1. Roughly how many Å is it from the Cα centre of the range C:188-240 to that of the range A:400-430, as a whole number?
2. Could you go through the range A:370-382 in sequence order and give the Karplus-derived ³J(HN,Hα) for each residue, using 6.51 cos²θ - 1.76 cosθ + 1.60 with θ = phi - 60°, rounded to whole Hz, and x for Gly and Pro?
3. Pick from C:S89, C:S253, C:S58: which residue has the top mean-square fluctuation in a GNM of chain C where Cα pairs under 10 Å get a spring?
4. Could you tell me the distance between the Cα centroids of the range B:67-116 and the range A:351-377, to the nearest Å?
5. Considering only C:A176, C:S84, C:M256, whose Cα is most displaced toward the positive end of the charge dipole of chain C, charges sitting on Cβ of Lys, Arg (+1) and Asp, Glu (-1)?
6. Per-residue HN-Hα couplings for the range A:83-88, Karplus 6.51 cos²θ - 1.76 cosθ + 1.60 at θ = phi - 60°, whole Hz, x for Gly and Pro?
7. With N set to the number of residues, divide the alpha-carbon radius of gyration of chain A by 2.2 N^0.38 Å and report two decimals.
8. Set Lys and Arg Cβ to +1 and Asp and Glu Cβ to -1, take the dipole of chain A about its Cα centre, and tell me which of A:A59, A:L120, A:A365 lies farthest positive.
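What follows is calculated from the coordinates using simple rules that are stated; it is not laboratory data. Every value quoted in this text rests on a predicted model; they were computed, and no experiment measured them. Cβ: placed from backbone, ideal geometry, glycine included. Neighbour counts: every protein chain shown.
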Amino acid sequence: MKLAPRLAVLLAAAVVAATACAPQTSDNSSSGKDEKSGTLRVWLFQEVNNKPKEKVVDAVLADFKKAHEDTKVTVEYIPVETRAQRIKAAFNDPKSAPDVIEFGNTDTAGYVKDGGLADLTEEFAAWDEAKDADPTARQSVTVDGKVYGAPYFVGVRALYYRTDVFDELGLKAPRTLDELAATAKQVHAAKPDLYGIAVGGAYTYGAMPFIWANGGELATGKGGSYASAIDSAAARKGIEAYTSLFGDGNCPAAKCAGMGGNDTVTAFASGKAAMAIGGDFSHQAVEAGKAKGKYAVVPLPGVKSGSIAPAFAGGNNVGVLKSTSHRTLAVDLMKRLASKKAQGELFDAMGFLPTFTDVRQQVAAKEPFVKPFVDTLAAGTKFVPASPAWATIDSSQVLPTMFQEVISGKKDVGAAAGDAARKMDDAFGSAG
Amino acid sequence: MVLGGLLVYPVYQLGLISFLEYTQAQVSGGEPATFQGFGNYAELFGDGEFWRVLLATVVFAAACVVSTLAVGCALAVLLTRVRAVPRLALMLAALGAWATPAVTGSTVWLLLFDPDFGPVNRMLGLGDHSWTYGRYSAFLLVLLEVVWCSFPFVMVTVYAGIRAVPAEVLEAAALDGASQWRIWRSVLAPMLRPILVVVTIQSVIWDFKVFTQIYVMTGGGGIAGQNLVLNVYAYQKAFASSQYSLGSAIGVVMLLILLAVTLVYLRLLRRQGEEL
Amino acid sequence: MNLLRAQVRRPWRLAAEASALLIAVVVAFPLYWMVLSAFKPAGEIESTEPRPWTLTPSLDSFRRVFEQQEFGRYFLNSLIVAGSVVIASALIAFLAATAVTRFRFRFRTTLLIMFLVAQMVPVEALTIPLFFLMRDFGQLNTLGSLILPHIAFSLPFAIWMLRGFVKAVPEALEEAAYIDGASRTRFLWQILFPLVFPGLVATSVFSFISTWNDFLFAKSFIISDTSQSTLPMALLVFYKPDDPDWGGVMAASTVMTIPVLVFFVLVQRRLVSGLGGAVKD
């Protein structure tokens, strides 16, 4: 009884002594091995309703096992919320690390900087299906000109609007961003209980199209050296356009300044808003609410009539870990998971939009709901700077703070954008 | 004591890391860790926002501690005055509040006080008043939630402490005709002092480190960061983007502040003749 | 005597009981809302007409919780972890608290404060060193990697707290016991232990809850073996960044809260009546 604790202290002391000199690092160089049999481990994200996804993946695995009979594959579904800790931990402890992972496309640059993902430029170039991958999806797996995975699916946002409200007030779906603002105010004036368009001060991905449509950029540059462009004249115009939607004429600042993307979709779904910027993935939430059967979706318009504002292309990728000891097998499995066939099935099962332009056209023909989203993607989408600094900028809420400072009247657009640009440049600078 | 190693070692590492350049790239061995001296601290102290956040944290934590202790102690005394059924009801309700995961508790409170979807504004007839927009009303809302989920700890502990006071002492005091407040002040409080000391110190530590409630309820620090507290600040500046060295520096600063508060508090107690 | 006093104070006590019940209702209201939301069909949780009831209760949210991979396994793991932590920390804390209270030695105050230090820093900062410690012990991905740190983190508090209870026991009692010929062990287990039992219960409730609800260690140390995951991981699934499933969150939280209440009902009688009998012996 007494001995065991003492032993534990000794052990602990020994570990402290052995490792006390420096904080720990782990050796995460590539293993160099490329075994052709054994066990492959795969981590995919666990969706709320995961069964259909499992079926699609199981079908892929069945094919894979036919091709490689000596290979076992184990798949684990991890909650998206825990991905940061798990994937970092996997980089630190190769023993626990999987061979193939699914990851959010905004995380790509960070994981590359952490030294976790394998460079697959050659394999990707040699993959015949890859030529149909759309350019933004390709951009989302590319860092510094090198490719670190295969796009798995995309998510994109468009304009949801209430057909019943628009019919009653004799309104048409807006064709420019100016019209959008005017329509929103008309609705709110006629029906003060409704937001014309639900917007959120913390809804960065909903605000970005306004900046891009006005010709602005978040940042300019390539590879390691980005510089913020959020305080350029064009970007400021976009910020002005977005923040002008807040106020008693449309979406009162007191309620809307703090809203995020999900809050605006909730407002729309529950019948509190005549319009909202929502994703293809918001479909289910809207269908469950009061707006069901009384809404339609169009691409978010741009500045000129008939144009489409560039949207942010979210989504997930599949990649191979640098530490894998089954590189060839892992790459093969990755290609199968992200193949045209599997992506088509994943759409049928989960509604996730494929990253291949041709497959996307096919599913749009089958399912009319996704057409505005596919059109938005076809018009060209944009992506956040492929820099590890983006994680810092995102988590320290540089952009929401900027919007909220303007909305709450604490600063004018120029001052808020200037501060945001300075913070972004700090982050770009320290991320190297 | 056996597991002291598990506590001391990480703290030692924390201090060490705060002097280095240490990000995920260093952790996974991509780049060597380099010594920065007080570089991380200089970066921190040079940031005006840090001081603003620090001040808000201290004031907010103090308000939380005082409210939690007051509510907890008052209800603990109340518990000793009622029969089994109301006592069990209050205890179960309190335990439920305590046991609810912090993220869920914060979400539910947010739903309750939502200007569009919440029942509280309906009941109070506040229309669509937004609680999270104003800096102070947002802090107040978070304070209510923090008190809701942390007073049960104080209540249960102090109640257990009161039960441990021999009944004869209380009866004697009651017979002497002492009022409730007097009994608390001159009989219970001194006897419970060791327990109150612990409860106070723990509350100070927790409320100073409040994270989830602020993060969830004010959307990560409120409109334009007006509701940031130190732990959320550390998370946003450092941990979310794996800048462990800067995060550790903030951790060390928090440690020093809390240590100072604790030591001063204990010193004051000792001056009053109470010994550890 | 007692009877007389009870009569005199009856109105006062009724008022106290009424306010206790009222406070209980207020405190429980958010809980009620949580359970209610779990039963509401999707779309009714955030509706412009918030109703304190639902006309169409639905078990869908609970179904989504229970249909998760190995849900039962998570539940069992959580029970094992929380159970081990409660028992181990209660025993160790009791002995240690007695030691620091009844014996004086150098650096006692320093030691007591050291106990608190680890709690004063953000836990995120500690998970990195702890992660490497666990890796070097080969404990990653095992329940041990959760049990050990949780014991370590709940002990300081438990010791501090029990110290208060041990101190409240008059030293005269100890002397009396020795005069009666009781050995030290006998005094410890048969006299002191029952006396501080309410305190033990309070600290156990604390360590149970903090262990039961922990997300951070669970997601940092259980990396590749989901069969070792704990219950909070089943809750996190519903927090999707763009499309959180509030019904699922509320249902999972309800499921998580019930065992704590059961645990408490099991021990609360001890809390209430721990002392009464012991002193009269």
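1. So the separation of the two Cα centres works out to 42 Å.
2. 7, 4, x, 6, 5, 4, 4, 5, 5, 6, x, 10, 10
3. In this elastic network of chain C, the residue with the biggest mean-square fluctuation among C:S89, C:S253, C:S58 is C:S58.
4. Cα centres, the range B:67-116 to the range A:351-377: 50 Å.
5. C:A176
6. After applying 6.51 cos²θ - 1.76 cosθ + 1.60, I find 4, 4, 4, 5, 6, 4 Hz.
7. Values: Rg = 23.9 Å, N = 432, 2.2 N^0.38 = 22.1 Å.
The reported ratio for this selection is 1.08.
8. Positive-end residue among those listed: A:A59.
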